[in-house]
Amino acid sequence: MVYSAEFTVRTRNKVELVDITSQAREVIGNSGLKEGMVLVFVPHATAALYLNEHESGLLSDVLSFLRSLIPENKAYLHNRIDDNATAHLGSILLKPFVVMPLRAGQLDVGTWQNLFLVEMDGPRTRRVIVKVIGE
Ligand code: ZN
């Protein structure tokens, strides 16, 4: 069966990493499903999701890594109409979804794999859609 739910995340900064692991785990617990997979998706072109460690130094490293890959001071054409080309490019690079295995009713992810929402054009309210597919 498929269990669907969603929650919102209010971001506070232009660029921000928000750990949404606990919200995702709550939805998965509510699903009652035990084996299968979990899709988490953000329906936004200027946000993304990723899995990795929640450590303050690494969070800073992620932000500077993204800045180095997608510099702010370039003449992006999209900025003619909407001053957020770097946010779109970041969403393309990182992807707006994560798929994780579900085992024994829990996310079967590594100890250092927390789920992060990447805000790149905040502050905004972001929708996070969760589909738990399994039995
Ligand atoms: Zn735009």
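Within the set of other residues whose C-beta is less than 15 Å from the C-beta of Lys14, count the net charge using Lys and Arg as +1 and Asp and Glu as -1. Charge balance near Lys14 sits at -1. Packing-based ranking of 57-66, 30-39, 15-24 yields 15-24, 30-39, 57-66, ordered from highest to lowest mean Cβ neighbour count within 10 Å. Derived scalar couplings between HN and Hα for segment 67-81 equal 4, 6, 6, 10, x, 6, 9, 10, 8, 6, 5, 4, 5, 5, 10 Hz in order, rounded to whole Hz, by the Karplus curve 6.51 cos²θ - 1.76 cosθ + 1.60 (θ = phi - 60°), x for Gly and Pro.
Peptides 43-50, 110-117 ranked from most to least packed, by the mean per-residue count of other Cβ atoms within 10 Å: 43-50, 110-117. With R₀ fixed at 22 Å, the C-beta to C-beta distance from Ser64 to Arg10 puts the FRET efficiency at about 0.35. Listed by chain and number, the aspartates and glutamates placed with their C-alpha closer than 18 angstrom to that of Lys34 are Glu26, Asp108, Glu135; residues fewer than eight positions away on the same chain are left out. Taking a Cβ cut-off of under 14 Å around Asp108, the surrounding Lys, Arg, Asp and Glu residues balance to a net charge of +2, with basic ones at +1 and acidic ones at -1. Here segment 67-135 and segment 1-53 have alpha carbon centers that stand 10 Å from each other. Only aspartates and glutamates eight or more places from Lys95 in sequence, or on another chain, were considered; those with a Cα closer than 17 Å are Glu16, Asp19, Glu119, Asp121. Take each peptide in 99-106, 81-88, count the other Cβ atoms within 10 Å of every residue, and average; sorted highest first, the result is 81-88, 99-106. Count Lys and Arg as plus one, Asp and Glu as minus one, and take only other residues whose Cβ is under 15 Å from that of Phe97; the net charge is then +3.
Secondary-structure-derived ellipticity at 222 nm for the chain, considering helices only, amounts to -8000 deg cm²/dmol, per-run term -39500 (n - 2.57) for DSSP H runs with n ≥ 4. State whether the chain is rounded, prolate or oblate according to the following rule on the C-alpha gyration tensor (a ≥ b ≥ c being the square roots of its eigenvalues): a/c under 1.5 gives rounded; otherwise a/b larger than b/c gives prolate, and the remaining case gives oblate. Since a/c reaches 1.5 and a/b is larger than b/c, the shape of the chain is classed as prolate.
No lab work stands behind these numbers, since they all come straight from the coordinates. Treat the numbers as computed from the prediction; the structure is a model and nothing was measured. Cβ: placed from backbone, ideal geometry, glycine included. Neighbour counts: every protein chain shown.
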